[in-house]
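Here is the structure we will look at, set down as structure tokens.
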Amino acid sequence: VYIGEKSMNTFFFDFDGTLADSVPSYIKALKRIMEHNGLGCSDETIKETTTLGFIKLAEHLKNKYGICYTKEKLLQEFDEVLHLEYENNVTLKKGALAYIKSLKGSGKSVNILSAGQPRYILTVLKRYDIVDLFDHILYCDSLGLTKSNPQIYLRAAEWVNAKLEDCCFFDDNIDAIQ
């Protein structure tokens, strides 16, 4: 819980790894892609790719590892693993739903800012019947920035008509919010 949360009016939550326990599913899919290309998947690879959207991930895999996937091919490879994972196995983190409901009950604006894919996130939100708890769901790919770029937080605040100083961002990746 952020100390200044009572004075904050707008809250942004990362989805994968913050609201939802989906990181094991992402790692499973990433390892599969790396193995299909004769490469291992180190902890460093996992860390350096978790804040990227799928477009930036495809660029990163091409530039660093020589994997020449289009966004469509990358999504297809990920989708073979992730669609079933998000439909059946990805759960909300303990306490996440209660906290979101508490913020909404206090009249706060609650939003998602994610590097994840809309269809996966919406699958989980619909399964829990909580789509309506979020005022906005923003995606890195549609904003054209990664969460390692500080400009994304300014753009997200602008998108929801909030002042940056009135916003609180929650993310499980410290590199995304430093």
Problem - Accessible area in the full protein assembly, largest first, 1.4 Å probe, for Tyr128, Tyr153, Tyr120 - result: Tyr128, Tyr153, Tyr120
Practice task
Specify the inter-centroid distance of region 6-24 and region 131-161, based on alpha-carbon positions, in whole Å.
Solution key: 12
Practice task
From zero up to wherever the largest Cα-Cα distance of the chain sits, split into 10 Å bins and tell me the percent of pairs in each.
Solution key: 9, 38, 35, 14, 3, 0
Completion exercise
Residue-normalised value, i.e. accessible area per residue, for region 16-72 at 1.4 Å probe, in Å², stands at 51
Fill in the blank from the handout: Highest GNM mean-square fluctuation among His36, His83, His60, for the chain with Cα springs under 10 Å, belongs to His36
Exercise for the section: Give Lys94/Lys126; Lys28/Lys108; Lys64/Lys93; Lys71/Lys104; Lys31/Lys108; Lys56/Lys101 a once-over and call out the pairs whose C-alpha atoms are over 28 Å from each other. Expected result: Lys28/Lys108; Lys64/Lys93; Lys71/Lys104; Lys31/Lys108; Lys56/Lys101
Exercise for the section: Run the dipole for the chain about the Cα centre, Lys and Arg Cβ at +1, Asp and Glu Cβ at -1, nothing else charged, and hand back the magnitude in debye, nearest 20. Expected result: 160
Handout entry: Spin-label zone in region 45-74 - amide nitrogen under 13 Å from a point set 7 Å from the Cα of Arg119 along the C-beta vector
Key = 72-74
Practice task
Before rounding to the nearest 500, sum -39500 (n - 2.57) across all DSSP H runs of length at least 4 in the chain and divide by the residue total; then give [θ] at 222 nm in deg cm²/dmol.
Solution key: -14500 deg cm²/dmol
Completion exercise
For region 76-178 the trypsin sites (Lys or Arg not before Pro) that pass both the DSSP coil test and the at-most-10 other-Cβ-within-10 Å test are Lys94, Lys163
Exercise for the section: Indicate, rounded to the nearest 5 percent, the antiparallel portion of the DSSP beta bridges found entirely in the chain. Expected result: 5
Fill in the blank from the handout: Taking Cα atoms, the helix 54-65 axis meets the longest principal axis of the chain at an angle in degrees (rounded to 10) of 40
Exercise for the section: Excluding Ser42 itself, calculate the net charge of residues whose Cβ lies under 11 Å from the Cβ of Ser42, where each Lys or Arg counts +1 and each Asp or Glu counts -1. Expected result: -1
Completion exercise
Judged on accessible area alone, 1.4 Å probe, highest first, Ser148, Ser25 line up as Ser148, Ser25
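The values are calculated or read from the model by the stated rules, or taken from the named source; none is laboratory data. The model shown is predicted, which means the values in this text are computed figures rather than measured ones. Please note: Cβ atoms are built from the backbone with ideal geometry, for glycine as well, and neighbour counts cover all protein chains shown. With ligands, DNA and RNA removed, areas are computed over all heavy atoms of the protein, side chains included. Shrake-Rupley method; radii C 1.70, N 1.55, O 1.52, S 1.80 Å.
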